[in-house]
Amino acid sequence: MATFDLVFVTNGSFFSLLTWLNRVGGSGIDLRSKARTLSGPVSDPSKLPKWNYDGSSTGQASGEDSEVILYPQAIFKDPFRRGNNILVMCDAYTPAGDPIPTNKRCAAAKIFSHPDVVAEEPWYGIEQEYTLLQKDVKWPIGWPVGGFPGPQGPYYCGVGVDKAFGRDIVGSHYKACLYAGISISGINEEVMPGQWEFQVGPTVGISAGDELWVARYVLERITEIAGVVLSFDPKPIQGDWNGAGAHTNYSTKSMRCDGGYEFIKKAIEKLGARHTQHITAYGEGNERRLTGRHETADINTFIWGVANRGASIRVGRDTEKAGKGYFEDRRPASNMDPYVITSMIAETTILWKP
């Protein structure tokens, strides 16, 4: 996964164009950027020019035919340059206009534009977990080099210099996302020290993927400034330590209306029937995280329950009591592609006919 931040300038103001690619580096979640100058402000992505980059340097094209074309898709305010500056999310195509194989946004947009999906107005809330690492040793911040902190317990939502590591980065990211217009709804420290979470949503359809990718980009820029390495590895530390996921909360219009609990149960039944297919697309290295321990279900087992954080799908007690609402898919790994996850959940629960 790759993202290019292409910067545009208008009368001394910069405009950053953020481009989504895919699977450029070993992690499959790399973010990249480049800059460009415009002659005037633009607020509509369709009014921005297409651009290109060297796909042979990202493993997405040959040197003999290296150009990959960027299509602007969504605009956000630039929290780094501020003023009239913008960030723009794009996807990538061949010169002939075909989406490159790693362009997952294009396929997701087709699913979200289907009339049946549009009618159901799917909402998403994604809980993005991540780990902050010391630059030179790739070990979590706050941990003694080559050693371990005290066992898990006091760190989740903890306060204090001996429990909360990296709060300045997390707070800066929160404020930057709010400025950018990203629907960031909260942050918290996670169970493993040095691990944090931010939540994006509720968002509708394709915007869930756009906003999460831009939020990741903003976070990586901030960790770059702080001299800290950002990791989306789903199990950065082996042993008795929690992994990192991207729990995806989901609802449709039918689920949110009176009697919606029946639609929730039918959707969960569909997800269970396609469990293997979903797991395959839910992030690399997820088998190291989904072990049946540390608030996960075993990767080979599909179970759901009310208020059960050891389940594949969790339904909140408020939803059960109200008889309508949403559910949480707890299977996605922290390095998942939000375009793939959100569109797959919609396709399975709305369009798929068993």
Determine the order of 157, 106 by accessible area, beginning with the largest, at a probe radius of 1.4 Å. 157, 106
Beta carbons within 10 angstrom, averaged per residue: use that to sort the peptides 150-156, 163-169, 202-208, highest first. 202-208, 163-169, 150-156
Computed lengthening from residue 320 to residue 30, 0.36 nm per intervening residue step minus Cα-Cα distance: 100.5 nm
Quick one: accessible area per residue over the range 296-354, 1.4 Å probe, rounded to a whole number of Å²? 39 Å²
Roughly speaking, to the nearest percent, how much of the range 201-273's 1.4 Å accessible area is carbon and sulfur? 53 percent
Whole Å is fine, so just give me how far the alpha carbon centre of the range 217-239 lies from that of the range 276-309. 23 Å
In the chain, whole DSSP H helices that both stretch 30 Å or further along their axis by alpha carbon positions and average at least 0.5 on the Kyte-Doolittle scale are none
If amide H atoms are modeled at 1.01 Å from N in the peptide plane, then the residues at a separation of 5 or more from residue 90, or on another chain, having amide H under 5 Å from its own are 18, 19, 20, 73
Roughly what would the spin-label model give for residue 66 and residue 298, points 7 Å off Cα along C-beta, in nm? 5.0 nm
Return one whole number: the accessible area per residue of the range 173-244 in Å², for a 1.4 Å probe. 29 Å²
Given the protein chains as shown and a 1.4 Å probe, how many square angstrom of residue 51 are accessible, to the nearest 10? 50 Å²
Net charge of neighbours whose Cβ lies under 15 Å from the Cβ of residue 343, counting Lys and Arg as +1 and Asp and Glu as -1: -4
Can you give me the C-alpha center-to-center distance between the range 67-130 and the range 153-172, rounded to a whole angstrom? 32 Å
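The values are calculated or read from the model by the stated rules, or taken from the named source; none is laboratory data. The shown structure was predicted, so the numbers you read here are calculated from the model rather than taken from an experiment. Don't worry about glycine lacking a Cβ; one is built from the backbone with ideal geometry, like all the others, and counts go over all protein chains shown. Remember, those area values only see protein heavy atoms, side chains included, never the ligands or the DNA or RNA. Shrake-Rupley method; radii C 1.70, N 1.55, O 1.52, S 1.80 Å.
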